[in-house]
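Here is the structure we will look at.
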Amino acid sequence: MKKQEQETELVNDFKQAMRRLTSTISLITTRHLGQPFGMAATAVQSVTTDPATILVCVNRSASISAALEESGRFAVNMLHHSHVDLVPIFSGQLKGEERFEHGQWIEEHGVPVLVDAQASLVCEVSSVTAIGSHDVIFGRVLWVDTRPDISPLLYENGGFARSAAIK
């Protein structure tokens, strides 16, 4: 097998493996020069509690990429299962401000926050690391809001899912 074929096979195997990594779907939002920006994402992770820090991975070709870094602040809005209709809207179905005509939004620390998100975190960009086509953006958490019921919207094997307690 040629090296290029091996690399293609590895990429395909990697993609298949990642379909098994169930993740909460979040809307990453920011405001830059008066314009709101947002995208759907699953590449969001807690890093540490001291200081409270999370990371998000953003493709540099995404419309939010430069705005997020230049604004210096962003929100991670973890979706509740009732927000399934927002995912295609923030995945390219609509562009720019049109996305924010759906859902109920407020401003917190200068960025759009989804009022009834499963949880929302407003963060200040603390560092950015480039990896391949993406930037890994670390955010120091400034503000947190959670809703009382826990029923996140999950992404698994290319589709939407819900969580269920085992016992």
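A few points about this structure:
- Region 48-119: trypsin sites (Lys or Arg not before Pro) in DSSP coil with no more than 15 other Cβ atoms inside 10 Å: 60, 95
- Residues of region 36-52 with amide N under 18 Å of a point placed 7 Å along Cα→Cβ from residue 156: 42-44
- Nitroxide proxy distance, nm - points 7 Å out along Cα→Cβ at residue 81 and residue 107: 3.5
- Considering only Cα atoms, the convex hull volume of region 24-162 works out to 107 Å³ per residue.
- Tilt relative to the chain, helix 3-18 - C-alpha long axis, 0 to 90 degrees, to 10: 40
- Take every Cα pair under 8 Å whose residues are at least 6 apart in sequence, average their separation, divide by the length of region 24-162, and the relative contact order is 30 percent.
- Simple Cβ-charge dipole of region 24-162, Lys/Arg +1 and Asp/Glu -1, about Cα centre, in debye nearest 20: 220
Coordinate-derived values only; no laboratory data. Computed from a prediction, not measured in an experiment: that's the story for all the values here. All Cβ positions, glycine included, derive from the backbone under ideal geometry; neighbour counts span all protein chains shown.
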